[in-house]
Structure formats: structure tokens, C-alpha cells
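Reviewing the structure listed below.
The values are calculated or read from the model by the stated rules, or taken from the named source; none is laboratory data. Values in this document were obtained by computation on a predicted structure and should not be read as measured data. Ideal geometry is used to build each Cβ from the backbone, glycine not excepted, and the neighbour counts take in all protein chains shown. Note: accessible area is taken over every heavy atom of the protein model, side chains too, but ligands, DNA and RNA are not part of it. Shrake-Rupley method; radii C 1.70, N 1.55, O 1.52, S 1.80 Å.
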Amino acid sequence: MRRPSPGRSARRACGHLASLLALTPHTGPAPVAAVVWYGPADLTTARGSYDPRSSTTPEALLLGGAPAAHPGRARDASPLTHAHRGAPPFLLVHGEEDTMVACSHSRDLAARLEEVGAPVHLRTVPGADHGWYGVSAARVEDVFDQSLRFTRHVTRRGAGGG
């Protein structure tokens, strides 16, 4: 399998946006759970290959300029900033060898959610790069199955079934 190229940011955005959706206030129905695979949680801090001073990253495109040049926007767009006690249950899954979004993003978000008393489970996948490159299809299937089990468990519990 080929390694992901820096231009492939769609999957990166999904985890980031799912986290923000789950952690920000809602006027209508709120998410009952969040399953986040390798999502950025902090747009303010350099980690791995990410440089908040760069104006060419997907994060810079989202913010309208380099995150370091827009610290308020970067903070507001960082799921880590929005962690709160009433957050829905989170399953964070991240490859330990992720070269696009450092695994420390998920570790830090998990720690912050635990700190505020929100339910969270963190799973790191040894040898996995972004997009699960570097691991077997069986390992990816296991991650997918765990994500489905988590979602089923949380939605049954939320519906009074468990």
C-alpha cells in the first residue's frame, strides 16, 4: 500500500469535523456519540509534520490563513478547546505511526475528555499510518468492527436498551 499524500485531506477533515460537531452546543438534537478516526484535535500546536505557521495546510484553508496568524480561529476550531462534561461518549482511534495527524492529537483529546468527566475510549493502533496504511486488512476490519460495536452499545443505552 502507498503512503498517503499531503493532498489527501478529506479523511482528516472528517475526524476533525465529527469531533467539533459532537463538542459544540446544539439547538436541535445533539449527537449521541462520536467515533473519530485519526482526527486533529488541536490546531494551535506544532505536532509531527504539522506546522501552524504554514499557510498551505488543510487547516490553514479552513481558517483562511495560517493557524498561527489566526490564533483565535485556530483555538475555536480545535476540538480540544470544546471538551466538556456533557460531551457524548467518544471512541478515538488513531494509528501510532500517523505521519499526517500525530497520534498525540487523540491522546490529548482523550486526556482532556477524561479530565472534564466525559466518557471516552482511546485505541491506538501500532504500526498504522493515516488511513490505516501499514496494517493488515484484518486489523482495519477490527477497527471498523469496534467502531460499530461502540455505536450500537451507545445507541442502545441511549434508547433505554442497555
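Please report, to two decimal places, log10 I(q)/I(0) for segment 21-162 at q = 0.14, 0.15 Å⁻¹ as given by the Debye formula with identical point scatterers on the Cα atoms and no solvent.
Taken in order of the listed q values, log10 I(q)/I(0) reads -0.71, -0.81.
Give the share of C-alpha pairs in each 10 angstrom bin for segment 97-162, from 0 to the last occupied bin, in whole percents, shortest bins first.
Calculated P(r), rounded to whole percents: 19, 38, 34, 9, 0.
Return the carbon/sulfur percentage of the accessible area of the chain, one whole number, probe 1.4 Å, all protein chains in place.
55 percent
Rounded if a/c is under 1.5, else prolate if a/b beats b/c, else oblate: with a ≥ b ≥ c from the C-alpha gyration tensor eigenvalues square-rooted, which is segment 13-73?
prolate
Could you sort the peptides 89-96, 124-131, 50-57 by per-residue average Cβ neighbour count (10 Å cutoff), highest mean leading?
Numbers: 89-96: 23.4, 124-131: 18.1, 50-57: 15.9.
My ranking of the peptides, most packed first, is 89-96, 124-131, 50-57.
Using only the alpha carbons of segment 41-122, determine the length spanned along each of the three principal axes and report them from longest to shortest in whole angstroms.
The Cα atoms of segment 41-122 stretch 35, 28, 15 Å along their principal axes.
Determine ³J(HN,Hα), in whole Hz, for all residues of segment 31-45 in sequence, where each value follows from phi through the Karplus function 6.51 cos²θ - 1.76 cosθ + 1.60 and θ = phi - 60°; x replaces Gly and Pro.
For segment 31-45, the Karplus-derived couplings read x, 8, 6, 9, 10, 10, 9, 6, x, x, 10, 9, 8, 9, 10 Hz, x marking Gly and Pro.
So how do 104-115, 68-79, 31-42, 132-143 stack up, highest first, on mean other-Cβ count within 10 Å? Walk me through the intermediate numbers first.
Details: 104-115: 20.2, 68-79: 18.1, 31-42: 22.8, 132-143: 15.1.
Highest mean packing first, the order is 31-42, 104-115, 68-79, 132-143.
Could you list which residues have their amide H under 5 Å from that of Arg123, counting only those 5 or more apart in sequence or on another chain, with H placed in the peptide plane?
Distant-sequence amide H within range of Arg123: Leu92, Val93, His94.
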